[in-house]
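To start, the structure under review is shown below, and the notes come after it.
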Amino acid sequence: MNIILLGPPGAGKGTQARKLVDERGMIQLSTGDMLRDARSSGTEMGQKVAAIMDAGQLVTDEIVIGLIREKLEQNPTGSFIFDGFPRTLAQADALGELLAAMGTKLDAVIEMKVDDEALVHRITARSTCATCGEGYNDISKPIPADGHCVKCGGTEFKRRPDDNEESLRTRLMEYYKKTSPLIGYYWAKGDLKQIDGLGEIDEVSAAIAEIIG
Ligand code: ADP
Ligand code: ZN
């Protein structure tokens, strides 16, 4: 089973992907997380992409396709959730070819629909546990009053440097210009499923479960 979670920044792709990992043992392939790891480990590639990411622009297809190829090769029999990838038509074509070369394919592309106003509110309110990555939101899921992560007990939380209003505006523009054409692309292939991403976390999970069984 291989699925793509497709949607604008803040749609909740990462939250749902993490649940699928916990509940079904699927492997989450988040190019955003991979790029952030590369960046904090200080590799040459990481340094190169840092400024692009902070500005909210897309890094090159070549870099992200390379990252995905490497992960797929490491797990030839895995069940994958693609989160934040593909983001361009070239990436979508490359993914189709990589999966075909492994003798597998996509089972569903799940578009998480949300309205733009909600995105801005969600993103400017979000933070994560620095230890385990559990996600929080100042409004819908605040960090507990005792200051300990609900999942691991950690006490350090962080916000992403690109979760500010200006960078977010650029990310949304990139999404509409370069990524939203994938909705038509996957619709035409017969792979597209659409769900409402605005509900509670568990409601959204239930909608995903209905699609992937
Ligand atoms: P979000 O979906 O919340 O914007 P991500 O964590 O998926 O965040 O991505 C953060 C940043 O990493 C993007 O704004 C972009 O600069 C870069 N990035 C992630 N995935 C890709 C991709 N597939 N292609 C190009 N750039 C990417
Ligand atoms: Zn934690």
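Being out of contact with any strand residue (DSSP E or B) (no Cβ under 9 Å at 6 or more places or on another chain) and either under 22 Å from TYR175 (Cβ atoms) or not in a helix (DSSP H, G or I) (or both) is the filter here, so list the residues in region 1-35 that pass it. If the condition is that a residue be out of contact with any strand residue (DSSP E or B) (no Cβ under 9 Å at 6 or more places or on another chain) and either under 22 Å from TYR175 (Cβ atoms) or not in a helix (DSSP H, G or I) (or both), then PRO9, GLY25, MET34, LEU35 are the ones that fit. The single condition among (1) away from ligand 2 (no atom under 16 Å from the Cβ); (2) open to solvent by 50 Å² or more (accessible area, probe 1.4 Å); (3) basic (Lys, Arg) that ARG171 does not satisfy is (2). Among the residues of region 30-62, the ones that are under 14 Å from ALA92 (Cα atoms) and of a type outside the set (D, E, K, R) come to 2 in all. The number of residues in region 128-159 that are away from ligand 2 (no atom under 13 Å from the Cβ), touching a helix residue (DSSP H, G or I) at 6+ places or on another chain (Cβ under 8 Å) and either within 18 Å of LEU35 (Cβ to Cβ) or open to solvent by less than 30 Å² (accessible area, probe 1.4 Å) (or both) comes to 1. Do we find a residue being on the phi < 0 side of the Ramachandran plot, surrounded by fewer than 16 Cβ atoms within 10 Å (Cβ to Cβ) and within 13 Å of ligand 1 (Cβ to nearest atom) anywhere in region 76-92? Scanning region 76-92 turns up at least one residue that is on the phi < 0 side of the Ramachandran plot, surrounded by fewer than 16 Cβ atoms within 10 Å (Cβ to Cβ) and within 13 Å of ligand 1 (Cβ to nearest atom). Restricting attention to region 41-85, the residues being small (Gly, Ala, Ser) and touching a helix residue (DSSP H, G or I) at 6+ places or on another chain (Cβ under 7 Å) number 5.
The values are calculated or read from the model by the stated rules, or taken from the named source; none is laboratory data. No experiment lies behind these values; they were computed from the predicted model shown. All Cβ positions, even for glycine, are placed from backbone atoms using ideal geometry, and neighbour counts span all protein chains on display. For accessibility, only protein heavy atoms count, side chains too; no ligands or nucleic acids. Shrake-Rupley method; radii C 1.70, N 1.55, O 1.52, S 1.80 Å.
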